[in-house]
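The values are calculated or read from the model by the stated rules, or taken from the named source; none is laboratory data. Note that the coordinates shown come from a computational prediction; the quantities given were computed from them, not determined experimentally. Glycine also receives a Cβ, built like all others from the backbone with ideal geometry; neighbour counts cover every protein chain displayed.
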């Protein structure tokens, strides 16, 4: 449509940015008639856009003209004192709707455009400074995610996670002088009991205590991996022997009692590496899942933070400085939580063994499978902690049909020991029918 604007007698109505990248060729007789004529009904906030529109005429040596019409009631003029100019024009004798061609008007328009451009430049610059903070965090997260996705440096990231968690526990409970809390935290994070004594925690050098706890955690995790290998290899070997060579991948469920995750493992590689392929897939999958979930929540927190710091100027403070400080604290907290969640799941997780457990199912490998693995946190939270333990009460696959749904347990009104007995004897419950209750 824009390319045909140069034909004889053609009138093209378009936006002020129309035709960028389109060559408007003049039709027969148009050059002799004066070429392409550009008529602008207003001036844009940016002088660059006006120049681009004006530049549609007179291209490559062709003739052309351009003319812009501006009203003092246009938004651009009203923002920068068009009333003052209008009153001045009235004093000079100009009448309503009369064309004004004066250098003062042209300079006034250019000054208004320049102010708008400076304001827009400041907004873009400020936005870029905010985005630089997010970009630095994004690079760190995506680098760590790529390590998990492609297997590069994943072992080193896990090793660092174990050390960071151990250092955090030692530092925190050493400051609080809470040895019992320290032992409980070690069990919750590393699924083991530490040999560190109260005296070692308080008097030994922090780095030495951290190294000892880190060594115990790594050794415990290595033993856990050997147990998983010993448990998984016979199952994979049995699948190969009973179901043949056509199965390539197997989906293996893992659970730490709170979260469930399904790991896609290659059958041949798992058997060939004596289970190491399954453990590597587990480490990759749990890293990707927890990093993705934490990063999405962090992005929401950063958006909320960006909105909340804007009122800091009321206290004569720079919102950007506060945003950088709080963003760093949020990112450090997110990274610490991710390390704890990864370490906790790896040290607590196992293949669920139930009486009515269904066999492992075949999995189809896809390019985005690893990135789409997610922890069923919402499902566990919605159905309660006892869901996994009571799941087989609703359906028994060994019977080949739907099981009978259990009725809820009905609990009567609880009677206190010192309350009157419901039998109406007037005695206290503990001295009447309550005597038989242990």
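Determine which single condition residue 261 fails, assuming it passes every other condition in (1) closer than 29 Å to residue 138 by Cβ; (2) in contact with a strand residue (DSSP E or B) (Cβ under 8 Å, 6 or more places away or on another chain); (3) surrounded by fewer than 20 Cβ atoms within 10 Å (Cβ to Cβ). Every listed condition holds for residue 261 apart from (3). Elements of the type helices (runs of 4 or more DSSP H) sitting completely within segment 67-172 and holding at least 1 residues that are surrounded by 12 or more Cβ atoms within 10 Å (Cβ to Cβ) and under 22 Å from the mean Cα position of the chain (by Cα): these cover 103-150.
Each row is one residue, and each column tells you yes or no for (1) under 23 Å from residue 228 (Cα atoms); (2) out of contact with any helix residue (DSSP H, G or I) (no Cβ under 9 Å at 6 or more places or on another chain); (3) outside any helix (DSSP H, G or I); (4) modelled with pLDDT under 70.
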| position | (1), (2), (3), (4) |
| --- | --- |
| 322 | no, no, no, no |
| 325 | no, yes, no, no |
| 328 | no, no, no, no |
| 337 | no, no, no, no |
| 347 | yes, no, no, no |
| 353 | yes, no, yes, yes |
| 362 | yes, no, yes, yes |
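Taking the numbered list (1) modelled with pLDDT of 90 or more; (2) in contact with a strand residue (DSSP E or B) (Cβ under 8 Å, 6 or more places away or on another chain) in turn, residue 239 passes all entries but (1).
So that you can scan it fast, the table gives a plain yes or no per residue for (1) in contact (Cβ under 8 Å) with a residue 12 or more places away in the chain; (2) more than 32 Å from the chain's Cα centre (by Cα):
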residue	(1), (2)
223	no, yes
233	yes, yes
246	no, yes
254	yes, no
265	yes, no
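The residues on offer are 288, 314, and the sole one that is at pLDDT 90 or above and either assigned to a helix (DSSP H, G or I) or on the phi < 0 side of the Ramachandran plot (or both) is 288. Reported count of residues in segment 265-285, each being assigned to a strand (DSSP E or B) and either crowded, with 20+ Cβ neighbours inside 10 Å or modelled with pLDDT of 95 or more (or both), is 1.
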